[in-house]
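To start, the structure itself, in structure tokens.
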Amino acid sequence: MTSMERPAPGRLLIDGGWREALSGKSFDTTNPADESVITSVAEAGSDDVDLAVQAARKAMLGPWGKTTAAERGKILWRMGDLIHERLASLSLIETLDTGKTLFDSGKIELPMAAAIFHYYAGAVAAVGGRTLASRPDAFTFTLREPVGVVAAIVPWNFPFLLASWKVAPALAAGCAVIVKPASQTPLSALEMGRIGLDAGLPPGVLQILPGGGSSAGMALVRHPGVDKVAFTGSTEVGKNILREAAGTMKRVTLELGGKSPNIVFADADLEAAAKGAFNAIFYNKGEVCAAGSRLLVERSIHEEFVARVAERAEQVVLGDPREKSTRMGPVVSAQQMEAVLGYVERGKSEGARLVAGGRRALEVNGGKGYFVRPTVFDGVTPEMTIAREEIFGPVLATLEFADLDDAIARGNATIYGLAAGVWTRDVTKAHRVARALKAGTVWVNAYNLYDPALPFGGFKQSGFGRELGLEALDGYLETKSVWLNLV
Ligand code: NDP
């Protein structure tokens with residue numbers, strides 16, 4: 001290993017230095033593929049949070065607050081380059097911590113994170129106010145200013161990528177960011193902190209505080225020195241954050257859960273749709289907020305189509321996520337595995353028909369690791385728990401529909417509104433369904449496509465605010481109106 005590839009210290013990154021936690025605590029992070037401890041990481045408490053917030057406020061008043069957009073763009077570009085340079089070590093760390101395959105971390109997610117830093121390196125130029133010629137006796141214009149200190153609270157399913165969705169636009173806007181990674185997966189966020197330092201971010205601009213959600217996370221949410229919370233995670237915690245943030249009226253954006261419908265019409269290219277439906281739910285072991293976890297299939301093709309998806313599920317090779325032959329790794333933790341298997345039991349007891357998987361894969365890795373066979377339920381009805389609740393694991397609920405209106409009504413029959421898929425060869429039908437679905441993203445004849453320029457976020461209880469695109473920048477900026485009296 002070169003020195004560049006040595007992992008970041010398992011300490012807190014505060015004010016440009018790696019520190020032991022004032023809390024005196026640390027916690028272990030484990031490899032879900034074999035249950036072994038990877039390393040121990042310092043655990044931030046409320047005193048650490050306070051120190052980091054002070055450093056971030058100091059940074060905003062210091063040189064960082066005076067950087068030009070071009071200077072910030074240069075640093076963001078360098079961060080994107082460094083992700084590419086360190087791709088091998090970063091993707092290995094991500095795979096060890098999450099259980100996702102090396103292909104997914106190294107070929108898809110880390111390159112996407114680099115692309116996001118590169119995108120915002122350019123998008124920084126789009127930050128600007130307006131001149132308003134509304135009255136002759138005054139010169140009026142707007143300024144866009146950074147919202148200030150941002151707490152980015154991120155989950156464990158895409159630790160580095162989802163942190164980049166927040167960190168890159170926040171830095172582009174000129175904010176200082178404190179990242180609180182999920183307890184299960186703290187390691188790659190520490191690497192992001194090191195990348196920021198190496199790219200030239202001044203102390204205090206990007207700080208990393210591993211720690212518990214109800215301790216460090218909540219301390220950030222309540223801290224009066226934090227101006228905004230950008231959160232991705234469960235709807236339940238999102239609601240809690242919203243309530244707590246009201247105390248200081250800080251800005252909040254929430255990217256929450258989903259129960260996304262993936263709608264297949266009889267006129268679709270069924271081979272492409274079956275592959276698409278499979279990937280929509282089973283990518284990253286189903287641990288995807290936008291997962292197509294409700295497969296709605298037109299009645300006339302339902303049986304045959306579900307059989308195709310189930311067959312694909314049965315063929316999945318589970319194993320060590322570092323092996324090339326592995327198509328799916330373990331779910332992230334024992335707790336998550338128990339939750340997923342609990343839903344499987346619930347599905348069976350409520351009368352759904354199991355057509356693939358439905359069990360822990362104890363035959364993999366000598367029974368070590370949290371492997372769950374990709375699971376497909378047929379005969380699911382809308383009132384069943386597995387049709388309504390976010391499972392966040394490799395479990396697909398399939399339902400049928402009668403016609404276009406029925407498909408739309410069933411698609412929208414959820415408290416969530418994050419994403420949806422539609423498969424049809426009929427362009428008119430595709431447009432009608434895409435417009436009628438209450439979801440922040442609709443994919444037609446595709447699923448799970450993302451681009452740094454395309455905003456992503458939720459309708460309904462999937463949250464508010466947008467990640468990615470120029471829309472994400474808005475979430476890290478305040479608008480100030482200035483009047484110059486000309487009389
Ligand atoms: P959480 O929503 O609990 O966690 C997400 C992040 O929020 C983590 O960093 C967590 O820290 C932190 N957090 C937890 N509680 C608080 C709090 N009170 N104040 C501030 N921060 C907090 O998700 P889980 O990891 O527990 O997963 C549970 C379920 O959430 C999943 O099964 C899935 O349904 C859903 N989920 C949805 C995601 C999405 O992208 N929409 C992503 C992840 C989960 P810590 O890890 O230390 O608890």
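The values are calculated or read from the model by the stated rules, or taken from the named source; none is laboratory data. As the structure is a prediction and not an experimental result, all values here were calculated from the model. Reconstructed Cβ throughout: ideal geometry from the backbone, glycine too, with neighbour counts over all protein chains shown. Each accessible area value is taken on the protein alone, full model and side chains, heavy atoms only, with ligands, DNA and RNA left out. Shrake-Rupley method; radii C 1.70, N 1.55, O 1.52, S 1.80 Å.
Report yes if some residue within segment 208-219 is within 13 Å of the ligand (Cβ to nearest atom) and under 28 Å from residue 453 (Cα atoms); otherwise report no. Yes: one or more hits.
For residue 224, state whether it is free of Cβ contacts under 8 Å to residues at least 40 places away in the same chain, more than 14 Å from the ligand (Cβ to nearest atom) and of a type outside the set (A, V, I, L, M, F, W, C). Yes.
Figure legend. Inter-residue proximity from segment 275-296: first residues in contact (Cβ under 8 Å) with a residue 40 or more places away in the chain and away from the ligand (no atom under 16 Å from the Cβ), second residues of a type in the set (S, T, N, Q) and open to solvent by less than 10 Å² (accessible area, probe 1.4 Å), beta-carbon distance below 8 Å, spacing 6+ or different chains. Indicated pairs: 276/262; 277/262; 295/262; 295/398; 296/262; 296/398.
The set of residues in segment 6-41 being over 30 Å from residue 367 (Cα atoms) and of a type in the set (A, V, I, L, M) consists of 8, 12, 13, 14, 21, 22.
Quick check on segment 227-242. Is at least one of its residues touching a residue at least 12 places away in the same chain (Cβ under 8 Å), within 11 Å of the ligand (Cβ to nearest atom) and among the acidic types (Asp, Glu)? No, there is no match, as no residue in segment 227-242 is touching a residue at least 12 places away in the same chain (Cβ under 8 Å), within 11 Å of the ligand (Cβ to nearest atom) and among the acidic types (Asp, Glu). In summary, residue 335 fulfils each of the numbered conditions (1) away from the ligand (no atom under 16 Å from the Cβ); (2) without any contact (Cβ under 8 Å) to a residue 24 or more places away in the chain with the single exception of condition (1). Of all the residues in segment 80-101, those that are touching a strand residue (DSSP E or B) at 6+ places or on another chain (Cβ under 9 Å) and part of a helix (DSSP H, G or I) number 3. Considered as a group, the residues in segment 70-86 that are open to solvent by less than 40 Å² (accessible area, probe 1.4 Å) and touching a Gly at 6+ places or on another chain (Cβ under 8 Å) include one that is nearest to residue 327 (Cα to Cα), and that residue is 79.
Conditions (1) in contact with a Ser or Thr (Cβ under 6 Å, 6 or more places away or on another chain); (2) within 16 Å of the ligand (Cβ to nearest atom); (3) in contact (Cβ under 8 Å) with a residue 40 or more places away in the chain, marked per residue:
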site	(1), (2), (3)
364	no, no, yes
368	no, no, yes
383	no, no, no
389	no, yes, yes
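When segment 220-244 is filtered for residues that are open to solvent by less than 20 Å² (accessible area, probe 1.4 Å) and over 21 Å from the mean Cα position of the chain (by Cα), the ones remaining, listed by number, are 225, 226. Of the residues making up segment 345-358, none is within 26 Å of the chain's Cα centre (by Cα), in a strand (DSSP E or B) and farther than 21 Å from residue 102 by Cβ.
Can you say whether residue 135 is free of Cβ contacts under 8 Å to residues at least 12 places away in the same chain and either more than 16 Å from the ligand (Cβ to nearest atom) or among the β-branched types (Val, Ile, Thr) (or both), as far as the supplied structure shows? When the stated conditions are applied, residue 135 passes them.
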